Protein chains: 2
Amino acid sequence: MPRPRQALLSPDVIADAAMALIDSGSPFGVNALARRLGVTASSLYHHVDGHDAIIELVRGRLVRRYTPDLPRGTWEEIVERTVRLQRAMYAGHPALVPLIVGKTITDEGVIEQYDVLATALVEGGFPRADVLSIVAVIDSFALGFGLDLASPENIWEPENDTRTLGALIADGPSGRERSDRAFEVGLAVLLDGLRSRLAASAPPDPEH
Amino acid sequence: MPRPRQALLSPDVIADAAMALIDSGSPFGVNALARRLGVTASSLYHHVDGHDAIIELVRGRLVRRYTPDLPRGTWEEIVERTVRLQRAMYAGHPALVPLIVGKTITDEGVIEQYDVLATALVEGGFPRADVLSIVAVIDSFALGFGLDLASPENIWEPENDTRTLGALIADGPSGRERSDRAFEVGLAVLLDGLRSRLAASAPPDPEH
DNA sequence: ACCTGAACACCGTTCAAGT
DNA sequence: ACCTGAACACCGTTCAAGT
């Protein structure tokens, strides 16, 4: 079946199938993807630039889907909304997370999200020299908790006795509920920490 | 060369070579590892339980090397020391980080570190029900910044103009220095956030 | 007990050949 | 322009055969 009159593939078709494959839980790969599409792996290379480019395509789509409009508000609102949106995205597509770690971000839509964040922090009064670091902190935070969603049920499996850890694991929730609670605690810690830092760098308005 | 009088391999020999392979920057795999050891990949399976078990072996060794004695002190000191030790370990062996994400921790030495942390937080006055979440927050934090070390020089590559992000990237440091700065900011935010949380859950001593 | 070599079911990518 | 099939250099794991 060489060269049908109407092309079988396109970047969109490939991205859709890639997302379905990732969400199915089966390991992602160009061969597995081609199989799903009823096509040879080499065919994909006529439309996209290989494995990593497909992942970046999927990331871009998801970010656009999960952030319909650019957030407005105070830096606190924007930080919280950004982190919660990322959380929702990773929760909806946990198997994507291990695939995107350590890949350079080039997608315009994703860059724009980080730009909004950076702008909000500068306008919020954080020292310019710190803002990129703070964006990285927020990013690390979101990614770390995204990986938590992609992790096995039990992160720790103590075989011997422990002083505290074993009992805490036995007493508390597991799986998604454990992860959600940790996320909420983490988000509160993050926002509190940022507020303290802002207060320390820009002393409160002398009028008060 | 079947069955030499003195065994060529052992878990220790394999772990040493695995660490050298990982630190060399070449992609890790059982085949590549066997090649380095001048041995067949199948030989490894007489001593260790495959790819993931080798990674867990390396993790255990490194944790033991980087934490010679169990930390003592206030919860703040223990949290800070734990995070800094993990940071040092990941900085020394960045290529290990992507290999350990999402793998269940079974190594006794590693479990013990988390147990010390959990115990310190309980004794420090954090609500028992929150402690496991807080340990997960600290873990996500350390892992997120570890991944930052394993990431390419440029995390963001904006192609179009941006309002703020592009200028911040151009003005600030890159590579290791950027990562280190972000880590320091993140650690300060983490500790501040934890202090606020503790103060909110356990109101200050009425004597003061 | 320990190592090999062959086998199996995979990877990601390139490229000449076909229409 | 678009798809195929073969090729290349890899993966991780199993297992019978050899000493």
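No lab work stands behind these numbers, since they all come straight from the coordinates. Everything numeric in this text was worked out from a predicted model, so none of it was measured. Every residue, glycine as well, gets a Cβ built from its backbone with ideal geometry; the counts of neighbours run over all protein chains shown.
The ellipsoid equivalent to the alpha-carbon distribution of segment A:79-156 has semi-axes of 25, 13, 11 angstrom, derived from the gyration tensor eigenvalues as √(5λ) and listed largest first. With a Förster radius of 35 Å applied to the beta-carbon distance between A:Glu77 and A:Val13, the computed FRET efficiency rounds to 0.40.
Taking θ as phi - 60° and the Karplus parameters 6.51, -1.76 and 1.60, the scalar couplings of segment B:47-59 work out to 10, 9, 9, x, 3, 5, 5, 5, 4, 5, 4, 5, 4 Hz in sequence order, x denoting glycine and proline.
One Cα centroid belongs to segment B:79-115, the other to segment A:97-162; the line between them spans 18 Å.
Defining a contact as two alpha carbons under 8 Å apart and six or more residues distant in sequence, what relative contact order in percent does chain A show?
For chain A, the relative contact order is 18 percent.
Note on segment B:1-48: Kirkwood radius taken over Cα pairs, Stokes-Einstein applied at 25 °C and 0.890 mPa s, translational D equal to 223 µm² s⁻¹.
Work the Kirkwood hydrodynamic radius out for segment B:72-208: mean of 1/r over every pair of different alpha-carbon atoms, inverted, in Å.
Taking the inverse mean of 1/r over all distinct Cα pairs, segment B:72-208 comes out at 16.9 Å.
Which semi-axes, in whole Å and largest first, does the equivalent ellipsoid of segment A:125-200 have when worked out from the alpha carbon gyration tensor as the square roots of 5 times its eigenvalues? Write out the running numbers ahead of the final one.
Numbers: eigenvalues 198, 39, 24 Å².
Equivalent ellipsoid semi-axes, largest first: 31, 14, 11 Å.
The magnitude of the dipole of the protein assembly as shown, with charges of +1 and -1 set on the Cβ of Lys/Arg and Asp/Glu and taken from the Cα centre, is near 1480 debye.
Simple rule: put +1 on each Lys or Arg Cβ and -1 on each Asp or Glu Cβ in chain B, find the dipole, and look at B:Thr74, B:Val189, B:Val39; the Cα lying farthest toward the positive end is B:Val39. How fast does the protein assembly as shown diffuse by Stokes-Einstein, in µm²/s, taking the Kirkwood radius from C-alpha pairs at 37 °C and 0.692 mPa s? The estimated diffusion coefficient comes to 141 µm²/s.
When the Gaussian network model of chain B links Cα atoms closer than 10 Å, the mean-square fluctuations of B:Thr106, B:Thr164, B:Thr82 top out at B:Thr164. For the residues B:Val30, B:Val97, B:Val79, a GNM of chain B with alpha-carbon springs under 10 Å puts the largest fluctuation on B:Val30. Considering only B:Ala15, B:Ala53, B:Ala170, the Gaussian network model of chain B with Cα springs below 10 Å gives its largest mean-square fluctuation to B:Ala170. Whole-Hz Karplus values for segment B:154-171 come out as 9, 6, 10, 10, x, 9, 8, 6, 10, 6, 9, 4, x, 5, 5, 5, 5, 6 Hz, taken residue by residue from phi with 6.51 cos²θ - 1.76 cosθ + 1.60 and θ = phi - 60°; glycine and proline positions read x. For chain B, the longest principal axis of the alpha carbon atoms and the long axis of helix B:175-201 meet at an angle near 50°.
Partner shielding of A:106-117 amounts to 4, given as the average count of beta-carbon atoms from other chains within 10 Å of each residue beta-carbon.
Which GluC sites (Glu not before Pro) in segment A:132-206 pass both tests, a DSSP loop state and at most 15 other beta-carbon atoms within 10 Å?
Taking segment A:132-206 and a limit of 15 other Cβ atoms within 10 Å, the loop GluC sites (Glu not before Pro) found are A:Glu153, A:Glu159.
Each residue of segment A:71-86 was assigned a 3J(HN,Hα) from its phi angle through the Karplus expression (A = 6.51, B = -1.76, C = 1.60, θ = phi - 60°), giving x, 10, x, 6, 4, 5, 5, 5, 4, 4, 5, 4, 5, 5, 5, 4 Hz with x at Gly and Pro. Principal-axis analysis of the Cα atoms of chain B puts helix B:128-150 at an angle of about 60° to the longest axis.
Restricting to DSSP loop positions (anything but H, G, I, E, B) with no more than 12 other Cβ atoms inside 10 Å of their own Cβ, which trypsin sites (Lys or Arg not before Pro) remain in segment A:1-92? Mind showing how you got there, number by number?
On the way: sites: A:Arg5, A:Arg35, A:Arg36, A:Arg59, A:Arg61, A:Arg64, A:Arg65, A:Arg72, A:Arg81, A:Arg84, A:Arg87; in loops: A:Arg5, A:Arg72.
Filter output for segment A:1-92: A:Arg5, A:Arg72.
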